[in-house]
Amino acid sequence: MRKKEIVAMLLAGGQGSRLGVLTSHVAKPAVSFGGKYRIIDFTLSNCINSGIDTVGVLTQYQPLLLNQHIGIGIPWDLDKNFGGVTILPPFVSKDNNAWYTGTANAVYQNIPYIDYYNPEYILILSGDHIYKMDYEMMLNYHKKKKADVTIAVYRVPIEDAHRFGLVKTEEDGKIYDFEEKPPNPTSDLASMGIYIFEWKAFRQALILSEESYEDSDFGKHILPYMLSKNFNLYAYEFDGFWKDVGTLEAYWDANMQLIDLVPEFNLYESYWKIYTKNEVQPPQFIGQGASVEMCILGEGAEIYGHVYNSVIGSNVIIEKDAIIRDSIIMNSAIIGEGVQIYKSIIAEKALIGAHTKIGMGEDVINEEQPHIYYSGISVVGEKTVIPPNVEIGKNCAIDGPVTKSSFIDNKLASGKNLIIGEGSD
Amino acid sequence: MRALGIILAGGKNERLKDLSTNRALAAMPVAGSYRSIDFALSNMTNSGVSKVAVVTQYNSRSLIEHLSSSKWWDFGRKHGGLHVFTPYMTNENSFWYRGTADAIYQNLSYLKNSHEPYAIIAQGDGVVKVDYSKVLQYHIEKRADITMVCYEEKNKRELNRFGIATVDQDNRIIEFEEKPIEPEGNLVSTGMYIIRRRLLIELIESCAKEERHDFVSDVIVRYRKQKKIYAYIHEGYWRSIASLESYFETNMDFLDKSIRDDFFRKTPNIMSKVEDEPPVKINYGSTVSNSLCSSGSIINGNIEDSILFRKVFIGNNSVVKNAIILNDTYIGDHCHIENAIIDSHCNLEEGTVVKGKENEIIIIKTKDSSYK
């Protein structure tokens with residue numbers, strides 16, 4: 001029987017609600033990143049660069065864009081006769097409630113997919129981190145330790161540790177305890193949500209966990225269970241660049257780091273390329289009288305205005321006399337003449353009318369969603385059209401079919417939302 | 001589509017001087033992120049032609065590498081597809097292609113085994129966007145034997161490098177001169193033709209019998225009166241890049257917004273092999289004005305009226321003005337490049353000065369004989 005040594009299961013079903021209106025219409029893994037990429041590109045590229053050519057992508061929340069983006073996997077060379085990338089959405093069966101209720105439940109429901117490849121190892125990944133990692137090295141570590149489970153861990157500052165799931169290890173890396181977001185952490189090794197399992201043992205654990213819990217989850221159920229049954233769990237410490245982009249602030253920071261003179265996360269190394277679906281191929285144009293400094297620009301971008309310290313996506317047009325600073329402009333957005341944008345995120349295909357100003361005034365934390373919009377960043381949602389000559393403050397969120405009349409006195413004060421239609425929840 | 005495609009991409013060319021010593025003309029980089037054959041291939045696929053042969057022989061390696069996967073132009077299909085025909089030996093024949101007609105003759109089985117009623121012939125060095133389904137419709141309406149896509153060269157540039165057609169009121173070609181020293185008209189043949197497949201086979205076979213090998217002089221010129229050859233006037237942009245002058249100008253034409261919009265923003269798109277390069281990075285202290293830059297490039301200096309291809313590095317305080325920098329070239333700090341073409345894979349050390357004149361472009365070629 002043909003078989004694959006290792007199959008990756010990529011969890012891409014989460015909404016990522018702390019990215020605000022950026023994830024109103026798309027799942028977090030499909031959100032643009034770094035000018036021309038989407039967040040999931042980094043994990044998919046890591047797979048193929050590590051020699052893993054069989055990847056199941058588990059989708060659930062707003063999967064359309066993700067489906068279109070991944071397709072049959074051509075950009076990542078994951079279009080294979082045996083293996084390749086397979087999108088695994090929830091499905092209905094005779095005795096099944098259809099939705100994925102937890103991370104482990106999602107994998108459980110796809111046991112037949114994994115069985116088809118008859119693998120020895122399963123690699124569990126999530127599609128919401130920015131990093132370059134050679135999973136083959138982790139697999140070698142897993143084999144060397146004769147582990148049943150290997151968890152990739154990242155050393156975080158102890159004062160931040162309470163935000164993570166932590167592992168406690170013996171000197172040789174063997175895990176003896178877990179702590180899920182403890183108020184007083186005693187370890188600084190955070191789980192990265194990347195696991196390698198022995199398939200046979202893992203398969204049994206999935207089935208057992210499914211019998212006991214409705215929302216079977218890796219961190220809550222599978223790993224503690226396997227630890228309690230004396231399986232060998234090891235921690236694999238990763239010390240490269242690894243960035244969670246789960247909040248607007250972290251997302252903005254990670255984008256801005258790409259602009260550094262020599263970025264810590266370097267996209268320009270040719271031995272570990274990041275692949276994406278290239279819908280646009282023309283070169284970037286910078287017009288006469290334009291100025292562009294400390295920026296990265298995606299394919300087909302046309303700049304006639306002034307852009308500083310910003311990340312500009314593919315096919316973006318920035319008209320003349322516009323000033324963009326410290327901002328992220330995603331694919332195919334159009335920025336009108338004389339527009340001013342400061343520390344804001346403009347999502348894909350948005351259109352900013354001439355002489356509109358965004359990111360002005362005082363830094364007031366958002367009234368409705370203070371846990372999302374607190375870092376001074378204003379966000380304009382996908383395909384949103386902002387009328388000309390309006391002024392928008394800081395920590396604002398604008399999404400949906402807004403019009404001139406949606407603004408009072410042509411203004412939206414800092415900390416206010418203007419969300420119309422579907423995006424309002 | 002009821003036509004198959006043939007792209008002639010084989011010719012040896014000396015007018016491009018040093019740039020084509022290691023590179024097929026059809027593989028010349030154009031407009032920042034394309035190769036010249038991308039235009040011919042995209043036109044075919046965008047017009048619904050699903051079966052295309054690229055005929056090549058001179059320096060074909062660079063071209064074949066570019067065509068190593070046909071999926072970028074959507075030719076990776078069960079039916080049709082992209083075929084690359086290089087010369088090969090048989091018991092009867094051990095010749096290289098002795099001309100364009102001979103190149104088709106040596107691959108005549110491709111035509112004979114096809115079922116499409118028409119054949120579209122195009123050139124690998126034409127920068128153009130054309131819808132062949134419109135040309136075919138015209139061909140059928142005119143009941144033409146051959147339709148030749150022509151371009152009215154209003155600026156009369158390099159007329160002596162092309163075939164010049166004279167037409168009657170109905171656009172039927174009544175006279176045709178190949179590369180005339182003193183051209184009478186300015187209706188240039190773009191080298192794109194539509195012809196019934198069976199007629200093409202017939203004409204090519206009779207050429208071969210008479211030991212004639214060139215499609216233009218032995219088919220078009222010889223049969224111009226006997227066969228009904230019609231000119232289809234192409235209204236948009238067209239340029240052949242087969243001379244240094246036109247190569248430089250064609251690239252610079254893409255700094256013009258209307259030309260850029262026509263090729264890049266209006267559908268259908270021009271497609272190319274995907275290179276997966278990261279975004280262009282423009283660092284602190286750079287100034288860039290009226291220039292195209294391509295992905296994978298890192299810019300620290302001052303760029304003006306220039307075209308940078310993929311993966312170009314420009315050092316601090318370097319000036320690039322009215323120049324074309326081909327892919328994978330490194331330009332160190334404090335360089336000055338003006339009125340020049342820097343070939344791919346060059347490494348210009350700190351302080352290098354290359355200054356051509358506006359009517360005398362300098363070419364800097366890589367020292368190693370890299371084929372890219």
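The values are calculated or read from the model by the stated rules, or taken from the named source; none is laboratory data. Quick caveat, the model's predicted, so the values are computed rather than measured. Positions of Cβ are backbone-derived with ideal geometry, glycine not excepted, and every protein chain shown enters the neighbour counts.
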Notebook entry, point to check: Taking A:Leu297, is it touching a residue at least 12 places away in the same chain (Cβ under 8 Å), within 27 Å of A:Ile74 (Cβ to Cβ), surrounded by fewer than 24 Cβ atoms within 10 Å (Cβ to Cβ) and not small (Gly, Ala, Ser)?
Noted result: no
Notebook entry, point to check: Which residue, of A:Ile312, A:Ile341, A:Ile318, is aliphatic (A, V, I, L, M), facing chain B (nearest Cβ under 10 Å) and surrounded by 24 or more Cβ atoms within 10 Å (Cβ to Cβ)?
Noted result: A:Ile312
Notebook entry, point to check: Which one of these is without any contact (Cβ under 8 Å) to a residue 60 or more places away in the chain, aliphatic (A, V, I, L, M), closer than 22 Å to B:Met28 by Cβ and in contact with a Leu (Cβ under 6 Å, 6 or more places away or on another chain): B:Ile331, B:Ile303, B:Ile342?
Noted result: B:Ile331
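Looking only at the range A:11-58, count how many residues are of a type in the set (Ser, Thr, Tyr) and at pLDDT 95 or above.
Of the range A:11-58, the ones of a type in the set (Ser, Thr, Tyr) are A:17, A:23-24, A:32, A:37, A:43, A:45, A:50, A:54.
So of that shortlist, the ones also at pLDDT 95 or above come out as A:32, A:37, A:43, A:45, A:50, A:54.
Looking only at that region, the number is 6.
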Notebook entry, point to check: Quick check: is even one residue across the range B:36-54 crowded, with 24+ Cβ neighbours inside 10 Å, in contact with a Pro (Cβ under 6 Å, 6 or more places away or on another chain), under 23 Å from B:Met252 (Cβ atoms) and in contact (Cβ under 8 Å) with a residue 24 or more places away in the chain?
Noted result: no
Item checked: Residue list for the range A:392-413, filter: assigned to a strand (DSSP E or B), in contact with a helix residue (DSSP H, G or I) (Cβ under 9 Å, 6 or more places away or on another chain) and not β-branched (Val, Ile, Thr) -> A:Ala397, A:Asp399, A:Leu412
Margin query: Tell me which strands (runs of 3 or more DSSP E) are completely within the range B:278-372 and hold 2 or more residues being among the hydroxyl-bearing types (Ser, Thr, Tyr) and surrounded by fewer than 19 Cβ atoms within 10 Å (Cβ to Cβ), or say none if there are none.
Written below: B:287-289
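Those residues that are loosely packed, with under 14 Cβ neighbours inside 10 Å and over 10 Å from B:Pro117 (Cα atoms), I need them from the range B:194-204; list them, please. Please lay out each step first, then the result.
The first filter runs over the range B:194-204 and keeps only residues loosely packed, with under 14 Cβ neighbours inside 10 Å, leaving B:198, B:202.
Within the range B:194-204, just B:Glu202 meets the criteria.
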Next item on the list: Check the range B:107-125 and report whether any residue there is within 27 Å of B:Arg35 (Cα to Cα), of a type in the set (D, E, K, R) and surrounded by 22 or more Cβ atoms within 10 Å (Cβ to Cβ).
Entry: yes
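Rundown of residues vs (1) more than 17 Å from A:Gly35 (Cα to Cα); (2) of a type in the set (A, V, I, L, M), yes/no style:
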site: A:Arg325; (1), (2): no, no
site: A:Val339; (1), (2): yes, yes
site: A:Lys343; (1), (2): no, no
site: A:Thr356; (1), (2): yes, no
site: A:Glu368; (1), (2): yes, no
site: A:His371; (1), (2): yes, no
site: A:Tyr374; (1), (2): yes, no
site: A:Ser378; (1), (2): yes, no
site: A:Glu382; (1), (2): no, no
Check: Restricting to the range B:49-68, what's the tally of residues that are under 14 Å from B:Gly81 (Cβ atoms) and among the small types (Gly, Ala, Ser)?
Finding: 3
Item checked: Number of positions in the range B:302-333 that are at negative phi, within 12 Å of another protein chain (Cβ to nearest Cβ) and over 21 Å from the mean Cα position of the chain (by Cα) -> 6
Item checked: Subset of the range A:258-294 [polar (S, T, N, Q), more than 7 Å from chain B (Cβ to nearest Cβ) and touching a residue at least 12 places away in the same chain (Cβ under 8 Å)] -> A:Thr276
Item checked: Matching residues in the range A:261-283 - criterion: being over 27 Å from A:Gly51 (Cα atoms), surrounded by fewer than 19 Cβ atoms within 10 Å (Cβ to Cβ) and at pLDDT 90 or above -> none
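To keep it simple, each residue is scored yes or no on (1) out of contact with any helix residue (DSSP H, G or I) (no Cβ under 8 Å at 6 or more places or on another chain); (2) at positive phi; (3) among the basic types (Lys, Arg).
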position	(1), (2), (3)
B:Gly5	no, no, no
B:Leu16	no, no, no
B:Arg23	no, no, yes
B:Tyr34	yes, no, no
B:Gly48	no, yes, no
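Which ones in the range B:272-284 are facing chain A (nearest Cβ under 7 Å) and either within 17 Å of A:Leu258 (Cα to Cα) or touching a strand residue (DSSP E or B) at 6+ places or on another chain (Cβ under 9 Å) (or both)?
Let us first name the residues in the range B:272-284 that are facing chain A (nearest Cβ under 7 Å), namely B:272, B:274, B:276, B:278-284.
Within the range B:272-284, B:Ser272, B:Asp276, B:Pro278, B:Pro279, B:Val280, B:Lys281, B:Ile282, B:Asn283, B:Tyr284 qualify.
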